Amino acid sequence: MSKILVLGGTGYTGRLIVKHLVENSKADITVAARHLDRAQALADELNQQYSDDRVKAIYADASQTDSLCQAFADQMMVVVAAPTTAYAENVIRTSLSMGLDYLDVQLGAQKFALLQSLAHEIERASLCFITEAGFHPGLPSALVRYAASHLDRVESAITLGYLNMGKGLPYSEAVDEVVESFREYNGQVFKNGSWTKLNSYEMRTFDFGGDIGRRRCYSMFLEELRTLPSLFPSLRETGFYISEMHWLLDWVIMPITWAWLKIAPQAVRSIGKFLWWGMGTFHKPPYRVELQVQAAGLKDGRPVTVRSSVAHPDGYELTAIPVVATLLQYLDGIARKPGLWMMGHLVDPFRLIKDMEKMGITCATRIQAEEAECL
Ligand SMILES: NC(=O)c1ccc[n+]([C@@H]2O[C@H](COP(=O)([O-])OP(=O)(O)OC[C@H]3O[C@@H](n4cnc5c(N)ncnc54)[C@H](OP(=O)(O)O)[C@@H]3O)[C@@H](O)[C@H]2O)c1
């Protein structure tokens, strides 16, 4: 029997992972968190709803290795959906030493570096470790692979993020990780066949189409993009860009956030609350979270463009659903390969899109033959 423990299973992302896993798989699921009463309440609710007693609750604190050892006993995989990058080493090393497969949705350069340093050990132990899972990171490289598979030769593949949940944006401690990630900000993109300078950034206007329309966007480097040019040697341009939201956010709230972080780097919690207040206060429709890939290349010798988008009104759904769609591929063995993988590189992107759509994500793809340029 497949046994998956979701660390942080009562959080915004975690509870959706648990719910979609119960609905879409036959795995036994354990909800792990420090507040056992909340974990038990969620397990009871889901067991009642699906009446098959597949969900259990257990106490676990990522900062306490002993508690992880107790919680992880008998499990097959741990899914890390808690904002606990500060304790990533505890969770990663405990999973490895106890022979558990692993998946995380966390942001964090140090976590990624640690996993990379353990990659050989993970492979030698025949364990499957999946990192950089979720919306972003997670979906951009999967969407690039999806778009590229519609072309014989992919020349450019830009990914664009639009995040606007309006006043429905909930605050959680995980916002600390978002603010922490600003410290590691790097806006590199791959352009004209090479990466732009480390820590450089680009501001460009892209047309999202539909009701989002043309937006100024800011580049943001994601680890999952790094190896795309070697995966697709014909690629001349790729990158991830995040859309502007509201002029007050772009020109007032964000500059204050950056300056505050520079002057008082220890004030992460207050800075995060201020940023979230700004995002929940200054907004205008359309309200949703969307990721697009805009790719161009050749098909049967003709220039073709491919546009694919995935969207949901709730950004936590857009994080949890790709994770569960990946876990479905893991559970049936397709994606259960030894080694360290980034989600977007491991999954079968066609099946990912199909399964995400079944779970409520709006997916659209438009393939268009372009007029060949006459010289
Ligand atoms: N990849 C993506 O696209 C993406 C998107 C959004 C978020 N994220 C990441 O997803 C993670 C979760 O975000 P979220 O907003 O869902 O967070 P959240 O709602 O704050 O998650 C809280 C959950 O984590 C548990 N938790 C907190 N500290 C813990 C500890 N020391 N040990 C064990 N459990 C602990 C909480 O339970 P207790 O308090 O009871 O312990 C609760 O279950 C974050 O790392 C965030 O950066 C990724």
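Details
- Of all residues in the stretch 191-234, those that are under 27 Å from THR257 (Cα atoms), assigned to a strand (DSSP E or B) and touching a residue at least 12 places away in the same chain (Cβ under 8 Å) total 9.
- Scanning the stretch 105-161 for residues that are in a helix (DSSP H, G or I) and either of a type outside the set (Lys, Arg) or outside the structural domain of PRO233 (by TED's automatic domain parsing) (or both) yields a total of 24.
- Selected residue (criterion: nearest to the ligand (Cβ to nearest atom)) from residues of the stretch 71-97 that are within 17 Å of ASP28 (Cβ to Cβ) and in a helix (DSSP H, G or I): ALA71
- Entry remark, the stretch 6-60: residues being more than 13 Å from the ligand (Cβ to nearest atom), in a strand (DSSP E or B) and closer than 20 Å to ILE321 by Cα number 3 in total.
- Cβ-Cβ under 8 Å pairs, at least 6 apart or on other chains, the stretch 325-353 side at positive phi, far side surrounded by fewer than 19 Cβ atoms within 10 Å (Cβ to Cβ) and in a helix (DSSP H, G or I): GLY339/ALA119; GLY339/GLU123
The values are calculated or read from the model by the stated rules, or taken from the named source; none is laboratory data. None of the values given here were measured: they were computed from a predicted structure. All Cβ positions, glycine included, derive from the backbone under ideal geometry; neighbour counts span all protein chains shown.
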